[in-house]
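J.: The structure follows.
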Amino acid sequence: MTQKTLELVDRASDRKVSLPVRPGTIGPSVVDIAPLNRELGVFTYDPGFGATAACESRITYIDGDAGVLLYRGYPVEQLAEKSTFTEVAYLLLHGELPSRKQIDEFTSSIRHHTMINESLLRFFNGFHYDAHPMAMVSAVVASMSAFYHDTMDIYNPRQREIFAHRIIAKIPTIAAAAHKHALGQPYVYPRNDLDYCSNLLHMLYAVPCEPYEVDPVAAQALDLLFILHADHEQNASTSTVRLAGSTGTNPYAAIAAGISALWGPAHGGANEAVLTMLEQIGTVDNIPKFLSQAKDKTSHVRLMGFGHRVYKNFDPRAKIIREMCHKVLSRLGRSDNPLFELALRLEEIALQDEYFIERKLYPNVDFYSGIIYSAIGIPRSMFTVMFAIARTVGWVAHWQEMIADPAMRIGRPRQIYTGPTRRDYREIGSRA
Ligand code: ACO
């Protein structure tokens, strides 16, 4: 089969370069630009990586125009309807849906890695009472590398697997400890008889002085949200994990880097920002005024939970979450939730507005997720932490894929330099 190529001519030097075009299994092909530098001595310029594929991956596929999201080929809608977060975690990590035996072994391994070293738990006491939980979670995850030395050999597949199970099992325990620290309540130990999300709810809400029953509606809603947040190909935090991991750093450090990247309001911090925005808007009457601020480029205000780098159509996850909002709120007896009503009107008005239509700005996964989180009692500062728990699975899958690839190289972008040209040092007395 003849390989497709893209021919480029450099008119300045009259030199030609032939760039191989590589097809994917679905989606756009990519042009291999390596010969550009080798043969013509130029780099490409793509701020924000809007047109650059940084790696080859078999994990997740997104068609942003059609609103399609596939995990290992399976549509997220089918997984949301039929699967569980633990099964989706197995799928993302291993590439195939598990057999009964495989899922039983995987689930058991995750359930038996949930406790964290007591010294690590004591770290929380060092944080100020009002520390943001993302600050605590990223710091404690980074500190795991000081405790679990048996998983530091990144080229040993068994150590990588133990790391994967360990971080996926322990991140809910770390997240819940951050929450308890903020409340000033005692830390609650994990219960290995509970499923992943029920155990998380137990660690977040149980107290030693009275029995706590996990609400199955809340656990189910959380499980679904986690499925939808589990992976999203080369987003900012996953790319951060890959870049940090490409240096050969230990995996806990790479995941901590991802948590930090997720924190920003343009990424995972958006779910927290959406609720703050809805409260600031307050009532339906204030929507037009808010939208005109969001459209005004000098205001720095954005309609949070709207827009996406890849989706130029409905984010399929947003559709599922909006439907789930209705269900969860009515099953929890809170169907008259004023913030949800406001969000629905805001979405409706924005979707009819020329500004948002022209720019193909639609609700993203986070427009409604915060409303569900608050309905099940998760405090706002913990929303992004919830996202981090779910996305840890995706980060680990990508890190594993990268490390196992013999072609892995350190990630090292180039630049166009526009600073001063060479100049000589001037003694301090002769400077202007
Ligand atoms: N509100 C108002 N205007 C917007 C918004 C928004 N939410 N999003 C994009 N725009 C405008 C931009 O100002 C720009 O307008 P212009 O062409 O007149 O200059 C145009 O739409 C294109 O936007 P970009 O910023 O170039 O889009 P980009 O792909 O770089 O950013 C992003 C995507 C960061 C998600 C952006 O849409 C945004 O800030 N949204 C709000 C924050 C948010 O919800 N983030 C969560 C994303 S999903 C996730 O990470 C889980």
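Bear in mind that the values in this text are calculations on the coordinates, not laboratory data. Not measured: the values here are computed from a predicted model. Neighbour counts run over all protein chains shown; Cβ positions are idealised from the backbone, glycine included.
J.: Nothing charged except the Cβ atoms of Lys and Arg (+1) and of Asp and Glu (-1): what's the magnitude of the dipole of the range 1-116 about its Cα centre? Round to the nearest 20 debye.
T.: Charge dipole, the range 1-116, about its Cα centre: 260 debye, nearest 20.
J.: Next question. Could you work out how far the C-alpha centroid of the range 286-360 sits from that of the range 399-416, in angstrom?
T.: One Cα centre to the other: 36 Å.
J.: Turning to a different aspect of this structure: Order 160-168, 369-377, 327-335 from most to least packed using the mean count of other Cβ atoms within 10 Å.
T.: Ranked by mean Cβ neighbours within 10 Å, highest first: 369-377, 160-168, 327-335.
J.: For all pairs of alpha-carbon atoms in the range 264-417, what percent lies in each bin of width 10 Å, listed from the first bin to the last filled one?
T.: 10, 35, 31, 16, 8, 1
J.: Separate question: Could you please tell me the mean projected area of the C-alpha convex hull for the range 1-118, averaged over all directions and given in square nanometres to one decimal?
T.: 13.1 nm²
J.: Can you tell me which of Ile174, Ile403, Ile259 moves the most in a GNM of the chain? Springs connect C-alpha atoms under 10 Å apart.
T.: Comparing Ile174, Ile403, Ile259 in the GNM, the peak value goes to Ile403.
J.: Binning at 5 angstrom from zero up to the longest distance, how are the C-alpha pair distances of the range 382-432 distributed in percent?
T.: Cα pair-distance distribution for the range 382-432, in percent: 4, 12, 10, 10, 9, 10, 9, 8, 6, 8, 11, 2.
J.: Which distance in Å, rounded to a whole number, links the C-alpha centroids of the range 112-158 and the range 196-266?
T.: Answer, in whole Å: 14.
J.: Quick one: angle between helix 85-94 and the longest Cα principal axis of the chain, in degrees between 0 and 90, rounded to 10, please.
T.: 30 degrees
J.: Counting Lys and Arg as +1 and Asp and Glu as -1, each charge on the Cβ, what is the dipole of the range 295-395 about the Cα centre in debye, to the nearest 20?
T.: 340 debye
J.: Of Tyr71, Tyr129, Tyr417, which is the most mobile in a GNM of the chain whose springs link Cα atoms less than 10 angstrom apart?
T.: Among Tyr71, Tyr129, Tyr417, the largest mean-square fluctuation in the Gaussian network model of the chain belongs to Tyr417.
J.: Along the charge dipole of the chain, which of Val140, Leu222, Gly48 sits closest to the positive end, that is, farthest toward it, with unit charges on the beta carbon of Lys, Arg, Asp and Glu (+1, +1, -1, -1)?
T.: Gly48
J.: Something else now. Along each principal axis of its Cα atoms, how long is the range 338-396 end to end? Whole angstroms, biggest number first, please.
T.: Sorted from largest, the Cα extents of the range 338-396 read 39, 30, 13 Å.
J.: Beyond 16 Å, what share of the Cα-Cα pairs of the range 268-345 remains, rounded to the nearest whole percent?
T.: 59 percent
J.: Right, another one. Putting +1 on Lys and Arg Cβ atoms and -1 on Asp and Glu Cβ atoms, find which of Gln293, Leu262, Ile372 reaches farthest to the positive end of the dipole of the range 246-382.
T.: Leu262
J.: How high is the FRET efficiency from Asp130 to Ser330, r the C-beta distance, R0 30 Å, rounded to 0.05?
T.: Once the sixth-power term is evaluated, E becomes 0.30.
J.: Given a Förster radius of 51 Å and the C-beta distance between Glu96 and Gln415 as r, what FRET efficiency does 1/(1 + (r/R0)^6) yield to the nearest 0.05?
T.: 0.80
J.: For helix 196-205, report the angle its Cα long axis makes with the longest principal axis of the Cα atoms of the chain; keep it between 0 and 90° and round to the nearest 10°.
T.: Value to nearest ten degrees: 60.
J.: Rounded to the nearest 500, what is the 222 nm mean residue ellipticity of the chain from helices alone, with -39500 (n - 2.57) per DSSP H run of 4+ residues and division by all residues?
T.: -15000 deg cm²/dmol
J.: Still on this model: Hey, what D do you get for the range 148-295 in µm²/s if you plug the Kirkwood alpha-carbon radius into Stokes-Einstein at 10 °C and 1.306 mPa s?
T.: 87 µm²/s
J.: GNM on the chain, C-alpha springs below 10 Å: top fluctuator among Pro338, Pro406, Pro288?
T.: The residue with the greatest mean-square fluctuation here is Pro406.
J.: Hey, another quick one. Could you work out the pair-distance distribution P(r) of the chain from its alpha-carbon pairs, with 10 angstrom bin width and percents rounded to whole numbers?
T.: Per 10 Å bin, starting at zero, the Cα-Cα P(r) for the chain comes out as 4, 19, 28, 25, 15, 7, 2, 0, 0 percent.
J.: Please list the non-local residues whose amide H lies under 5 Å from the amide H of Leu19, H modeled 1.01 Å from N, same-chain partners needing a gap of 5 or more.
T.: Under 5 Å from the amide H of Leu19 lie the amide H atoms of Leu6, Glu7, Leu8, each far enough along the sequence or on another chain.
J.: Oh, and also: What order do you get for 46-57, 104-115, 340-351 when each peptide is scored by the mean count of other beta carbon atoms within 10 Å, highest first?
T.: 340-351, 104-115, 46-57
J.: Looking at the calculated P(r) for the range 218-306, what percent of the C-alpha pair distances fall above 20 Å?
T.: 53 percent
J.: What Rg and what Dmax come out for the range 62-163 when only alpha-carbon atoms are used, in angstroms?
T.: Rg, Dmax (Cα atoms, Å): 17.8, 49.
J.: Rounded to the nearest 20 Debye, what is the dipole magnitude of the chain about its Cα centre when Lys and Arg each give +1 and Asp and Glu each give -1 at the C-beta?
T.: Once rounded to the nearest 20, the dipole reads 1160 debye.
J.: Something else: How big, on average over all directions, is the shadow cast by the Cα convex hull of the range 1-43, in nm²?
T.: Averaged projected hull area, Cα only: 3.6 nm².
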